[in-house]
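One structure is given below, encoded as structure tokens.
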Amino acid sequence: MMTLMMAPAFNMGHPKSFELSSRLTELAPEGFNHVFFGNSGSEAVESALKIAPAYWREKGKNEKNNIVW
């Protein structure tokens, strides 16, 4: 925190945030190999709502686009 107080998650990166994400994936259980940082709960939810459909589009399952509230 003394080196990097904040690193926006979109459109830019910082070597320290990449270093931290690499370390987190080393410590996490197998299968958890991606990290996405957010600055707040609402930003995290909004990002998840964007990432989930993009994931299924990438897998070729465009029909998986409904979100249950």
Check: How many residues does region 1-16 hold that are at pLDDT below 75 and basic (Lys, Arg)?
Finding: 0
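Here's the yes/no breakdown for (1) without any contact (Cβ under 8 Å) to a residue 12 or more places away in the chain; (2) over 15 Å from the mean Cα position of the chain (by Cα); (3) within 29 Å of Met5 (Cα to Cα):
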site: Gly31; (1), (2), (3): yes, no, yes
site: Phe36; (1), (2), (3): no, no, yes
site: Ser42; (1), (2), (3): yes, no, yes
site: Glu46; (1), (2), (3): yes, no, yes
site: Ala54; (1), (2), (3): yes, no, no
site: Lys61; (1), (2), (3): yes, yes, no
site: Asn65; (1), (2), (3): no, yes, no
Checklist line | Residues (open to solvent by less than 80 Å² (accessible area, probe 1.4 Å), hydrophobic (A, V, I, L, M, F, W, C) and over 20 Å from His14 (Cβ atoms)) located in region 24-44 | finding: Ala28
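The values are calculated or read from the model by the stated rules, or taken from the named source; none is laboratory data. None of these values were measured; they are calculated from a predicted model. Cβ atoms come from the backbone with ideal geometry, glycine included; neighbour counts cover every protein chain shown. Heads up: the accessible areas ignore ligands, DNA and RNA and are worked out on the full protein's heavy atoms, side chains in. Shrake-Rupley method; radii C 1.70, N 1.55, O 1.52, S 1.80 Å.
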